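All remarks here apply to the structure that follows.
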Amino acid sequence: MQKNNALLNIPRVIIEKSHEALRKLNSDIRNSDLIHNISPYTGDFLGIFTDGSSIYSERRGCAVAVFSANSIVSGIRRKSRVLEHVFDVKPFYLIIIPKINVPMRVHAIMHGIEYVSALAGLRKHSDEIELVSFDGSFIKAIREPFNAVLNPFKEFAFSHINNVGKEEGLKDIIAIIRALDKEVTSWLKEIFNSNDAKAIIKSFRDEYYLIIDHLFDDLMQYVTEDDMFMLQNYLMLFVEQNFYIFALLEILRVCEEKRIPGIWISKDSEARVLVRRYPELKYSSDLTILDSILKDGEFIVLSEFLPLQTLNYENFVVKSKGDIISPAKVHAIANNLAIELYEKFGSYNVVYVKMKNFTLRITFPEKLLSASDVNNILAMLNKISPKGYPEPLMIAHYRCILREKLADRIAESLYRNCDENMSSIICSLLSKLGREIIL
């Protein structure tokens, strides 16, 4: 057996096999003319560039989360980079109770806030905009509800079936799902009726627990005492995921109507699709693999190299009793929202591009951008990416970034002042973690 590399602690045989596979992949791609070059861009354009940020402080009975977002209308005017409008969501806090699934819940709310910020700019300047861009991954954004809601939904469903019997349990769950779909979509339509981002976020913040409490009270008729907390966990995640999906759909609707491409840009990505054909590269991500292959100004459209999956809305909703017990089914999104999202925008594409020797992964719904039009979008981005990443996205990031200690300070401030203004149970929720008090 060959010794490991002294610095990397990786067996040399693995490195050599990876290098050989990398050379083959490079040859296959280039010999098939799958590598394209970014064309020059000489015109003017404006785009919306959005990023969001969230942090949270874990307390004894809750979490105190802080959110912010920033959208910038920026681009090229008369051969110069310009920043024309800014849409800020100033930092605000939200107490997260109960202290269950906190990271996933905070993440969903943050993305909803981010999309609301972009929506405000898009609705106001849609006639000027030629591009909408977000930090992150479109594929992850539309897959996230399944991953977030799967376990809480199945835990509740199987617990209830076990407690009341299969036939009655399935009947109850179908009734709960139908009521959830109706109530949650009605509420979301109402709060998104405003064109003002601040008004939408205020409504969400003010009504967040009211809608959950209302749903819980209405749906308790269907469950036993043993199921109630599992129902509550599911309700919370369902409301939060649908808030962010509704905001995303609003963005996609405007983009479709105005024929504006929408893209998501990842600086880092762990996606591994290429290894399906090149298993010797299984220890690497597609981004790191293509970073070694692409030269400055080159890009590859992944669908030209291998087929990409289309997401099916039926995996994200429950329509029948049989779906409830299927391991591949979860009711994560209201049925009407899921049909629109996945039937219209469930087909996506992926582009890897190297600009200024920095490789990015760009994902987008094919409904908003065809593979033949990718070059024009990349030419725009190349024009505003002096460091290989769109400068407006960097500005949006720095304008909204939250420092970790902020949530701790807010939480501690709320706790210190709770005796005078809040009930004893709120004070108990906001107190420090037991280990911080005792140890």
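Could you please give the count of residues in segment 88-138 that are farther than 24 Å from residue 206 by Cβ and in a strand (DSSP E or B)?
Looking only at that region, the number is 5.
From 127, 135, grab the single residue that is acidic (Asp, Glu) and more than 24 Å from residue 269 (Cβ to Cβ).
Values: 135 fails: more than 24 Å from residue 269 (Cβ to Cβ).
Testing whether each residue is acidic (Asp, Glu) and more than 24 Å from residue 269 (Cβ to Cβ) leaves just 127.
Is one or more of the residues making up segment 425-437 exposed (fewer than 13 other Cβ atoms within 10 Å of the Cβ), among the small types (Gly, Ala, Ser) and either under 24 Å from the mean Cα position of the chain (by Cα) or assigned to a helix (DSSP H, G or I) (or both)? Walk me through how you get there before you give the answer.
Initially, segment 425-437 is screened for residues exposed (fewer than 13 other Cβ atoms within 10 Å of the Cβ), giving 425, 434-437.
Filter once more, so that each one left must be among the small types (Gly, Ala, Ser): 434.
Within this subset, residues satisfying the condition of being either under 24 Å from the mean Cα position of the chain (by Cα) or assigned to a helix (DSSP H, G or I) (or both) are 434.
Checking segment 425-437: at least one residue is exposed (fewer than 13 other Cβ atoms within 10 Å of the Cβ), among the small types (Gly, Ala, Ser) and either under 24 Å from the mean Cα position of the chain (by Cα) or assigned to a helix (DSSP H, G or I) (or both).
If you scan segment 239-259, which residues turn out to be charged (D, E, K, R) and either in a helix (DSSP H, G or I) or more than 16 Å from residue 126 (Cα to Cα) (or both)? Before you say what the answer is, go through the steps one by one.
Quick first cut of segment 239-259, residues charged (D, E, K, R) only: 240, 250, 253, 256-259.
Selection gives 240, 250, 253, 256, 257, 258.
Which of the residues belonging to segment 32-80 are under 15 Å from residue 395 (Cβ atoms) and either basic (Lys, Arg) or outside any strand (DSSP E or B) (or both)?
Within segment 32-80, none qualify.
Just wondering, is there one or more residues in segment 173-193 that are surrounded by 14 or more Cβ atoms within 10 Å (Cβ to Cβ), under 27 Å from residue 87 (Cα atoms) and small (Gly, Ala, Ser)?
no
Kindly provide the set of residues from segment 360-374 that are at pLDDT below 95, more than 19 Å from residue 253 (Cβ to Cβ) and not aliphatic (A, V, I, L, M), ordered by number.
Of everything in segment 360-374, those that are at pLDDT below 95, more than 19 Å from residue 253 (Cβ to Cβ) and not aliphatic (A, V, I, L, M) turn out to be 372, 373.
For segment 227-272, enumerate the residues that are among the charged types (D, E, K, R), under 24 Å from residue 397 (Cα atoms) and crowded, with 21+ Cβ neighbours inside 10 Å.
So in segment 227-272, the residues among the charged types (D, E, K, R) come out as 227, 240, 250, 253, 256-259, 267-268, 270, 272.
Among the residues that remain, those that are also under 24 Å from residue 397 (Cα atoms) are: 240, 250, 267-268, 270.
Scanning segment 227-272 gives a single hit, 240.
Taking residue 319 and the conditions (1) at pLDDT 80 or above; (2) of a type in the set (Lys, Arg); (3) under 16 Å from residue 181 (Cα atoms), which numbered condition does it fall short on, given that it satisfies the others?
All conditions are met except number (1).
Restricting attention to segment 270-284, and to residues there that are part of a helix (DSSP H, G or I) and among the hydrophobic types (A, V, I, L, M, F, W, C), which single residue is modelled with the highest pLDDT? Spell out the reasoning first.
Kept after step one, since they are part of a helix (DSSP H, G or I), are these residues of segment 270-284: 274-276, 279-281.
Those still in the list that are among the hydrophobic types (A, V, I, L, M, F, W, C) too: 274-275, 281.
Values: 274: 83, 275: 81, 281: 86.
Among those that are part of a helix (DSSP H, G or I) and among the hydrophobic types (A, V, I, L, M, F, W, C), it is 281.
Out of (1) closer than 25 Å to residue 360 by Cβ; (2) of a type in the set (Lys, Arg); (3) free of Cβ contacts under 8 Å to residues at least 60 places away in the same chain, the odd one out for residue 253 is which?
The failed condition is (1).
Do we find that residue 311 is in contact with a Phe, Trp or Tyr (Cβ under 6 Å, 6 or more places away or on another chain), modelled with pLDDT of 75 or more and within 25 Å of residue 361 (Cβ to Cβ) in this structure?
Values: in contact with a Phe, Trp or Tyr (Cβ under 6 Å, 6 or more places away or on another chain): yes; modelled with pLDDT of 75 or more: yes; within 25 Å of residue 361 (Cβ to Cβ): yes.
Yes: the conditions hold for residue 311.
Out of all the residues in segment 80-114, which are closer than 22 Å to residue 148 by Cβ and acidic (Asp, Glu)?
Within segment 80-114, just 114 meets the criteria.
Could you tell me whether residue 333 is part of a helix (DSSP H, G or I), under 25 Å from the mean Cα position of the chain (by Cα) and either surrounded by 14 or more Cβ atoms within 10 Å (Cβ to Cβ) or on the phi > 0 side of the Ramachandran plot (or both)?
Values: part of a helix (DSSP H, G or I): no; under 25 Å from the mean Cα position of the chain (by Cα): yes; either surrounded by 14 or more Cβ atoms within 10 Å (Cβ to Cβ) or on the phi > 0 side of the Ramachandran plot (or both): yes.
When the stated conditions are applied, residue 333 does not pass them.
Only one of (1) of a type outside the set (D, E, K, R); (2) surrounded by 14 or more Cβ atoms within 10 Å (Cβ to Cβ); (3) in contact with a Lys or Arg (Cβ under 8 Å, 6 or more places away or on another chain); (4) modelled with pLDDT under 90 is not met by residue 2, so which one is it?
(2) is the only condition that residue 2 fails.
Report whether or not residue 141 is within 19 Å of residue 336 (Cα to Cα) and in contact (Cβ under 8 Å) with a residue 12 or more places away in the chain.
Details: within 19 Å of residue 336 (Cα to Cα): yes; in contact (Cβ under 8 Å) with a residue 12 or more places away in the chain: yes.
The answer is yes for residue 141.
Which one of these is part of a strand (DSSP E or B) and not aromatic (Phe, Trp, Tyr): 20, 84?
Values: 20 fails: part of a strand (DSSP E or B).
Exactly one of 20, 84 is part of a strand (DSSP E or B) and not aromatic (Phe, Trp, Tyr), namely 84.
Residues that are over 21 Å from residue 381 (Cβ atoms) and without any contact (Cβ under 8 Å) to a residue 40 or more places away in the chain: does segment 58-72 have at least one?
No - not one qualifying residue is present in segment 58-72.
Counting just the residues of segment 109-136 that are among the polar types (S, T, N, Q) and surrounded by 22 or more Cβ atoms within 10 Å (Cβ to Cβ), which one comes out farthest from residue 95 (Cα to Cα)? Even if it seems obvious, please write down each step before you answer.
Within segment 109-136, the subset among the polar types (S, T, N, Q) is 117, 126, 133.
From what's left, surrounded by 22 or more Cβ atoms within 10 Å (Cβ to Cβ): 117, 133.
Details: 117: 21, 133: 30 Å.
Within segment 109-136, the match that is farthest from residue 95 (Cα to Cα) is 133.
Which residue is farthest from residue 140 (Cα to Cα), if the candidates are limited to segment 294-322 and must be free of Cβ contacts under 8 Å to residues at least 40 places away in the same chain and outside any loop (DSSP other than H, G, I, E, B)?
For segment 294-322, the residue satisfying everything is 322.
In segment 363-406, which residues are of a type in the set (A, V, I, L, M, F, W, C), buried (at least 18 other Cβ atoms within 10 Å of the Cβ) and in contact with a helix residue (DSSP H, G or I) (Cβ under 8 Å, 6 or more places away or on another chain)?
Correct list: 364, 368, 369, 384.
Can you give me the number of residues within segment 155-172 that are more than 12 Å from residue 219 (Cβ to Cβ), buried (at least 17 other Cβ atoms within 10 Å of the Cβ) and within 27 Å of the chain's Cα centre (by Cα)? Talk me through it step by step, then tell me what you get.
Of the residues in segment 155-172, the ones more than 12 Å from residue 219 (Cβ to Cβ) are 155, 157-159, 161-171.
Now restrict to residues that are buried (at least 17 other Cβ atoms within 10 Å of the Cβ): 157, 159, 161, 164, 169-170.
Among the residues that remain, those that are also within 27 Å of the chain's Cα centre (by Cα) are: 157.
Of the residues in that region, 1 qualify.
The values are calculated or read from the model by the stated rules, or taken from the named source; none is laboratory data. Remember, predicted model here, so these are calculated numbers, not experimental data. Note that we place each Cβ from the backbone using ideal geometry, even for glycine, and neighbour counts take in every protein chain shown.
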